[in-house]
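Notes to accompany the following structure.
The values are calculated or read from the model by the stated rules, or taken from the named source; none is laboratory data. Since we're looking at a predicted model, the values are computed, not measured. Because the Cβ atoms are built from the backbone with ideal geometry, glycine has one as well, and the counts that use them run over all protein chains shown. Calculation scope for accessible area: heavy atoms of the full protein, side chains included, ligands and nucleic acids excluded. Shrake-Rupley method; radii C 1.70, N 1.55, O 1.52, S 1.80 Å.
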Amino acid sequence: MEFSTRIEQHFIRHVRFYTALLWVIAASIAIQLVLPNSDSPFLLGRYNDPDDQLRLKQVKDLLGLAGADPKSWFDLHEPRISPPLGLDSHWSRLLDGALALVVIGLKPFFGVEKAIFLMQYFWPLALLLPMLWLAYATGKTLYNRTSGLCGLFYLTFSSIPAFLQFHPGRIDHHNIQSLLVFAGLYACLRLDGSARRSVVSGLLMALSLAIGYETLPFLLLFAVVVAWRYIALGHRREWTGFLIAASFGSVGLLLVQTAPERIFYPACDALGFNMVVMLVSAAATSLMLIGSKRPQTPEHRFRLMFFPAIFAVMIGFAYDPTCIYGPYGERAKELWALWLDNVLEIQPTAIKLDNTPIFLLVFAPVLGGVMAATICKNRLMSWQRLLLFGILIISAIMAKTMVRNIAYPSIFAAPLIGLGIVVALEEAKKLVQRLGVYLAALISIPMVMSCICFIVLPGNEPEPKSAAEIIKCDRPEDFEVLKKQSPGRVATPINLALPVLMATSHSVTAAPYHRLVEPILTTIKAFDGDEKNFLEYLAETSSQYVVLCNINAPEKLKGSSVTARLLRGETIDRLEPLIEPPALVNGQPTPRAKPLPVLIWRVHSTSQQ
């Protein structure tokens, strides 16, 4: 009897025990996420990631918990960000609604503030549990329960990056998108010729696309795989089901989350009318051709797939040609040079020698998954190999392009690595005789590299900095002085905008959201420029206050920019300090017994000077 078969029978005899064990493992992972992050900004009462902050603000506005009447479901306008025009957020109301329902359910038992805290705390953990189940279920679909458990164990103990988006306080959309794509992959791997599972996969991908446009590559991959099954195997119901679910599901979600007067607006960074037109035109054209021609050969079916795809792309870009520049628009190069190159989460994953552990931690799962798929190619059908290789390649490209996507390779490689481990164990003697090193690499590379990173990365941290250098200006109490001032417009570096917005009733001239291209660029240039340009900027934006984070780091104090001069304690015309900057001694700021985190100036008009 084969080794895997004996283990399988053991699991069948003790299925209840091992089911309970899986949930214990899942719970232990949730606790593991909490304990190492007991000093995280969220648990210490600090403001978390700017995206999480804005998401929380939108949920509070929707429920009327921000000191004003509840906002309309369709009202995503933020008037306090870059007034007078404000910011029209491109984020989905669907996620806001889900988070708001959690708060509503908890509020009668815990009160408003505690309900909001519990929602932020447990929402990521609640998404983690089905993620673990999907790792097991997908591995089981590929082979058996043993491969499912191996995939789950790998994801649990070896894939450190997979859980970066599941820490308490992470209520942005990246974690739920990962879950929806994984669920879509699971449904797609279980295609059986009927329309049921392709419809489920199409609806899941439409929902993920409505929450955030980043999952568009995965939707296209699943469409290619279902189309492949139609072309090669003639599964017409699968293809038509996926088309209808993905395209018309997108239409329904657009109608649900978009104000009626904005339905026909295009968007290059969200589910807009142009993207829906692209999906619907591809689906409608394909369905008409399939219904009229009834092609019987793969060649005919391929031709009927090719034309709708090209037609849909042409229609989509014809509706809004500016989308060819991507979500950042025509001024993307300038935006990258002045701002985005300094935003960590959207930087490319480094391959430099000093960052080698990070690089290996991200791409070792891809290598393990590719090797597993190669070993198990006889156990996977051609369309399954296409799907699994495709999702690994897309994950690797997305992880290499932006640091915030490093979870994808670890998550999607887990079922494949579980399958590879089981098959390798079954054929251990043959593989050791022929390719012993190959087998060792398959099993050990992902886990060893993850362990190396876990050990090495903390050792690469810089030496502790002085108190003045580690000030982050991310606590509500840091802004108490500003909060006491009469409401007005605050000119501040964009990385400080959300804490000002959350802690006070003031408005800010710009914030770190890419739709504010002109305000972001002018704000960065003003704070990095000279006094004359800065005063013109204050006048143009009608700013009443200037706020800086008091980071007395040497690199911040050098130069003649307005920021450096203000941090050094120099006087700038029309600015009256509300919190005195450090006094200068021999041209250098004197150290404070307790450094002030936030420096504030009131802006006076020329006539008052």
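Side notes on the structure shown:
- Applying a threshold of 32 Å to the alpha-carbon distances of 71/400; 333/484; 60/472 flags 71/400; 333/484 as lying beyond it.
- Accessible surface area normalised per residue over segment 65-162 is 42 Å², counting heavy atoms of protein chains with a 1.4 Å rolling probe.
- Residue 78 long-range amide H proximity, modeled H, under 5 Å: 87, 88, 89
- When each of the peptides 51-60, 297-306 is scored by the mean number of other C-beta atoms lying within 10 Å of its residues, the order from highest to lowest reads 51-60, 297-306.
- Rg and Dmax [Cα atoms of segment 115-184; Å; Rg one decimal, Dmax integer]: 13.0, 42
- Dimensions of segment 207-270 along the principal axes, based on C-alpha atoms and rounded to the nearest Å, stand at 43, 20, 16, largest first.
- Point-to-point label distance, residue 472-residue 485, nm (Cα→Cβ direction, 7 Å offset): 2.4
- Karplus-based coupling profile of segment 480-493, in residue order and whole Hz: 4, 5, 5, 4, 7, 7, 4, x, x, 9, 10, 8, 8, x, with θ = phi - 60° in 6.51 cos²θ - 1.76 cosθ + 1.60 and x standing for Gly or Pro.
- Sites residue 255 and residue 324, calculated FRET efficiency, Cβ-Cβ separation with R0 41 Å, nearest 0.05: 0.95
- Distance between segment 296-342 and segment 406-424 - C-alpha centres, whole angstrom: 31
- Rolling a 1.4 angstrom probe over segment 113-155 with all protein chains present gives an accessible area of which 69% lies on carbon and sulfur atoms.
- Here segment 42-188 yields Rg over Rh of 1.06, to two decimals, using C-alpha coordinates and the Kirkwood radius.
- Spread of Cα-to-Cα distances over 5 Å intervals beginning at zero, given as percent, for segment 156-234: 3, 15, 23, 20, 16, 12, 7, 4, 1, 0
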